[in-house]
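The block underneath contains the structure these notes are about, expressed in structure tokens.
The values are calculated or read from the model by the stated rules, or taken from the named source; none is laboratory data. Only a predicted model underlies this, so the values are computations on that prediction, with no experimental measurement involved. Every residue, glycine as well, gets a Cβ built from its backbone with ideal geometry; the counts of neighbours run over all protein chains shown. All accessible areas refer to the heavy atoms of the entire protein, side chains included, with ligands and DNA or RNA removed. Shrake-Rupley method; radii C 1.70, N 1.55, O 1.52, S 1.80 Å.
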Amino acid sequence: MNDWLCEPFQWDDKRSYDRGKIMTAEELEAGKTFGRYLDVDGDAIPYRTLPGTHPSKGAYFTRGSSRDRFAKYSEEGPVYQDNMQRLLRKFETAKALVPAPVVERAKKNAQERTKCGVIYFGSTTAAMREALAALAADGIHLDTMRLRAFPFCDAVADFINAYDQVFLVEQNRDAQMRSLLVNECGIDPARFISILHYDGQVITARFIISAIAERIAVKSKKEAAE
């Protein structure tokens, strides 16, 4: 529902893609143990086989219900729990593999920055860049973090904990990202100042500027009174 201008896509036939952990026909033939949900090296990411890899080995049946490490159906509690524990470990592994957040420091010295950070993500990016430039022109200098993936890596919590409070810009009514950050990173909810936009239109720099400037003014008056 949005129009964007971009450079024409150029396909590169020489590019190779990382297909993940694939077990080959040679490895199967040599007797290497294959289990579709078997964690063999501790990262909780099992090996896969591609269809037709071997005429008699490496096949498995995928189902949505409970199964063991070798993809066999099971309703046994310990088997189900084992798979759930593997998935937890897989999330820990994923933290280092998903795209890392992008942190940008305000151009002013640390002493001149507002003691608040800003977190944003997704389609708020264009409006945020415009808003940050306008805020800086008015003397409000903010360090920012653009989230790019979930689960959150350790750098996300480190960024939040470095500030008195963090503005969190979201385009929904219920502050869903705030809930995720509180629950996943163990962050005190009071650290966040939610900037919520949910009128059905695309968020604008004008909205962000107004919301942040207003809250900083209130915060400054409160600190002066104290």
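Under the classification rounded if a/c is under 1.5, otherwise prolate if a/b is larger than b/c and oblate if not, where does segment 27-97 fall, given a ≥ b ≥ c as square roots of the Cα gyration tensor eigenvalues? Oblate is the answer for segment 27-97, as a/c is 1.5 or above yet b/c matches or exceeds a/b. Our summary gives segment 1-122 a relative contact order of 18 percent, counting only alpha carbon pairs under 8 angstrom and 6 or more residues apart. Once you have a ≥ b ≥ c as the square roots of the Cα gyration tensor eigenvalues for segment 169-215, tell me rounded if a/c is under 1.5, and otherwise prolate or oblate according to whether a/b is larger than b/c. Here segment 169-215 falls in the oblate category.
Using the 1.4 Å probe convention, the accessible area of the chain works out to 67 Å² per residue with neighbouring protein chains retained. Protection proxy ranking of 12-24, 59-71, by the mean of other Cβ atoms within 10 Å over each peptide's residues and highest first, is 59-71, 12-24. Put simply, the convex hull of the Cα atoms in the chain casts, on average, a shadow of 19.1 nm². Of Met177, Met145, Met84, the residue with the greatest mean-square motion in the GNM of the chain, using alpha carbon springs below 10 Å, is Met84. With the convex hull drawn over the C-alpha atoms of segment 86-197, the volume per residue is 105 Å³. Based on C-alpha pairs under 8 angstrom that are at least 6 apart in sequence, the chain has a relative contact order of 14 percent.
Tell me the angle of helix 125-137 to the major Cα principal axis of the chain, expressed in degrees between 0 and 90 and rounded to the nearest ten. Taking the Cα atoms of the chain, the angle to 125-137 is about 30 degrees. For segment 8-166, a crude dipole built from +1 on the beta carbon of Lys and Arg and -1 on the beta carbon of Asp and Glu, taken about the Cα centre, is about 240 debye to the nearest 20.
Restricting to the chain, what percent of DSSP beta bridges are antiparallel, rounded to 5? In the chain, DSSP labels about 20 percent of beta bridges as antiparallel.
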